[in-house]
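Taking it in order: structure first as structure tokens, then the write-up.
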Amino acid sequence: MQRMTSVCRRLSSQVWSSLTMQTIAPNLSAFAASSSTTCKSTDAAEPKEEAQTTQQFSGHIPVEELEFSYSRSSGPGGQNVNKVSTKVEVRFHVPSASWIPQDIKSKLIELEHNRVTKEGYLVLTSDKTRKQMLNQADVMDKLRSIVFKAAAKPRGLTDQEIQLRDKRLAKSKEETLREKRQRSMKKQSRGSPSVGSV
Amino acid sequence: MASTRDTAQRLIRSLPRVALHNIKSVQPKTRKKVRRSFAKGKTHGRGHKGQGQHMTLPRLGFEGGNTPFYLMIPKEPYYQNHHLRRQYPPLTMLSLQRFIDLGRVDTSIPIDLTQLCNTGLFNVNIDRKHFGVNLTEEGADIFAAKINLEVQWTTELVIAAVERNGGTVTTRYYDPKSLRALIDPLHFFKRSTAIPRCRLPPQDALEYYSSASNRGYLAKEEDIEVERQRLAQKYGYVLPDLHADPGSTMLKMRKDPGQLFYGLEPGWVVNLKDRLVLKPKSPEHLEFYAS
């Protein structure tokens, strides 16, 4: 191990003692020297360096393009709810938003028409918790899920599903025809027998 | 692998010459003490008659028939193994902000447990199984200080609140011996013993301190960077760029996993009286303290 002349470790520099996870637990895949970073984030956040394609919404929302405003929440809570601005409101202009793909903007406005103003601003609020930061997280979560829903394409049928559907339709049609034939025979047999028939 | 012979030869070479001042006699066999006190005659410390003299005293804890104390008090499972569990006395973010505002804590240097204990308003008691500070969420909304913080336990909201203001957080484990030195460094330096090498966390704590989402000191730096971005997206704030910050050198300062004090390495001896720092030179010592 290289000994450092300055005796405190700076970020992104070699550690001088052997107490790193690579030496403690070398078999763990998360700490293997060659492994890339693992990020099991369900919030679907990706580093800013990754290019945002206009075709798909990646999950990354540029926070600087949103307008946040804070106000007092409703509900019980005494002096705390009266004084502390915990309600979070976020708004942004949908048609001019660069981070949403063009083709889903109309779908977004259609789905959330009660939350979109005449000028085209989508407004979301949250006063779910006692903390402003948690409410802000809630509002971000709502926004992300709204955009994902608008971006969701209707699922087409697979070949197998089409085959199954056609098979079932054919079978039900066959069954209908069989019943018609039987009913017809029944009605015919009700009539009085004519000369020449058995 | 060194053989016994090699080890013995090395010892002979390195140890000082045998002399009267560095040898000890083998301990003599201690004879069993026979109790023969002249003063303790007649009743031999037992008093007169009764159970005490007749060796029929009841068992320890018996209270003459009523339910004894040790059976009267009910068992409460919540305190099971409490004497073995680690405790992290809480400090709110509100308190920390107050310390900073009132100048009790210096934000121009990294804030760790020593700074918090030096305020005199936060106490860590090792005998009560305290293992450091737990920074809690109260006051996260109004927190507005840019600091390089090192705590022993914290939550995601606290991490977000600190990073939102351009600071950094690290969670760090200290074993009780190192913690004792950290809480009261002056008292430790007065004893003039070698600065200990910090031990790794116990098995049940290893996962916490090696996780980037907790900003553990054993986690990888790249993973921490990813987590910082994730948290900024989750809580809806613009992540300040640490590299562009003029105070970034201070914010990027981190202790090595075995290091206890900034600027001092394990194995060094601080002599306060003569204002000296003594460092070991032998390779065995250096290897031990760096391992």
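The values are calculated or read from the model by the stated rules, or taken from the named source; none is laboratory data. The model shown is predicted, which means the values in this text are computed figures rather than measured ones. Note that we place each Cβ from the backbone using ideal geometry, even for glycine, and neighbour counts take in every protein chain shown. Just the protein is used for accessible areas: all its heavy atoms, side chains included, with ligands, DNA and RNA removed. Shrake-Rupley method; radii C 1.70, N 1.55, O 1.52, S 1.80 Å.
Taken over region B:124-135, the residue count meeting the criterion of being over 21 Å from B:TYR262 (Cα atoms) and touching a helix residue (DSSP H, G or I) at 6+ places or on another chain (Cβ under 7 Å) is 2. Scanning region A:151-171 for any residue that is at pLDDT 95 or above, open to solvent by less than 100 Å² (accessible area, probe 1.4 Å), within 23 Å of B:LEU231 (Cα to Cα) and part of a helix (DSSP H, G or I) turns up nothing. Where helices (runs of 4 or more DSSP H) sit wholly within region B:5-122, those with at least 2 residues that are open to solvent by less than 100 Å² (accessible area, probe 1.4 Å) occupy B:50-54, B:93-101, B:113-118.
Wholly within region B:174-291, which helices (runs of 4 or more DSSP H) include no fewer than the required count, namely at least 2 residues that are within 14 Å of chain A (Cβ to nearest Cβ) and touching a helix residue (DSSP H, G or I) at 6+ places or on another chain (Cβ under 9 Å)? Reasoning before the result, please.
Values: elements: B:176-183, B:185-190, B:203-209, B:221-235, B:248-251, B:283-290.
Result: B:203-209, B:221-235.
Cβ-Cβ distances below 9 Å connect the following pairs, each with a first residue in region A:94-112 that is in a loop (DSSP other than H, G, I, E, B) and modelled with pLDDT under 95, a second residue that is open to solvent by 20 Å² or more (accessible area, probe 1.4 Å) and among the β-branched types (Val, Ile, Thr), and a separation of six or more residues or different chains: A:SER98/A:THR54; A:PRO101/A:THR53; A:PRO101/A:THR54. One residue is enough: does region B:183-197 have a residue meeting the conditions closer than 21 Å to B:PRO89 by Cα, surrounded by fewer than 21 Cβ atoms within 10 Å (Cβ to Cβ) and aliphatic (A, V, I, L, M)? No, region B:183-197 contains no residue that is closer than 21 Å to B:PRO89 by Cα, surrounded by fewer than 21 Cβ atoms within 10 Å (Cβ to Cβ) and aliphatic (A, V, I, L, M). Against the conditions (1) under 26 Å from the mean Cα position of the chain (by Cα); (2) crowded, with 18+ Cβ neighbours inside 10 Å; (3) of a type in the set (Lys, Arg), B:LYS279 satisfies every one except (2). Scanning region B:119-153 for residues that are touching a Ser or Thr at 6+ places or on another chain (Cβ under 7 Å) and within 14 Å of chain A (Cβ to nearest Cβ), which turns out nearest to B:TYR217 (Cα to Cα)? Within region B:119-153, the match that is nearest to B:TYR217 (Cα to Cα) is B:GLU150.
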